Amino acid sequence: MEQQYFVVLELPSGSNLNARYCPVDFWTDASKAIRQGKAKMISRRQDTGVSEELRNYVQHVKQFTTFVLVTMPLPSKHNTLKIFKRASHYVASPANKIIVDGAENFQLVAIDA
């Protein structure tokens with residue numbers, strides 16, 4: 001049985017993965033980075049505790065970083081590879097980006113579904 005999860009992924013550095021100034025292909029590039037395993041999973045939870053985990057994490061971020069919040073159903077038994085594969089699929093879908101939160105050193109974007 002699948003349950004809803006909030007997953008926060010850190011995208012690799014790069015100007016094409018900056019949602020503020022990104023090229024038109026932001027979601028395509030983000031999906032590719034996730035699918036290729038270049039992203040890093042910061043949080044995976046069924047509750048909104050992802051925000052506390054992200055806040056703690058960004059305190060140690062040295063350079064500007066883009067994080068993606070993906071809300072998606074996952075089976076009770078899942079692994080990182082399955083999460084990345086599914087997340088890349090959700091991110092690849094045409095959607096508007098929303099900058100949910102941001103500061104000098106990070107931004108959190110989500111899909112406007």
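The values are calculated or read from the model by the stated rules, or taken from the named source; none is laboratory data. Being a predicted model, the structure only gives us computed values, none of them experimental. Quick reminder, even Gly has a Cβ in these numbers, built from the backbone with ideal geometry, and neighbours come from all protein chains shown.
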Candidate set: the stretch 1-31, residues that are modelled with pLDDT of 85 or more and small (Gly, Ala, Ser); chosen: the one farthest from Val100 (Cα to Cα): Ser31
Near pairs, Cβ below 9 angstrom, 6+ apart or cross-chain, from the stretch 55-82 (under 15 Å from Arg45 (Cα atoms)) to any residue that is part of a loop (DSSP other than H, G, I, E, B) and hydrophobic (A, V, I, L, M, F, W, C): Val68/Leu11; Val68/Ala19; Val68/Ala39; Thr71/Ala113; Pro75/Met1; Ser76/Met1
Total residues in the stretch 75-89, condition modelled with pLDDT of 90 or more and not charged (D, E, K, R): 4
Long-range neighbours under 7 Å by Cβ, at least six apart or interchain, first residue modelled with pLDDT under 90 and surrounded by 14 or more Cβ atoms within 10 Å (Cβ to Cβ) within the stretch 37-52, second aromatic (Phe, Trp, Tyr) and assigned to a strand (DSSP E or B): Val50/Phe6
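Can we say Ser88 is among the small types (Gly, Ala, Ser) and touching a strand residue (DSSP E or B) at 6+ places or on another chain (Cβ under 7 Å)?
no
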So Ile34, is it of a type in the set (A, V, I, L, M) and modelled with pLDDT of 90 or more: yes
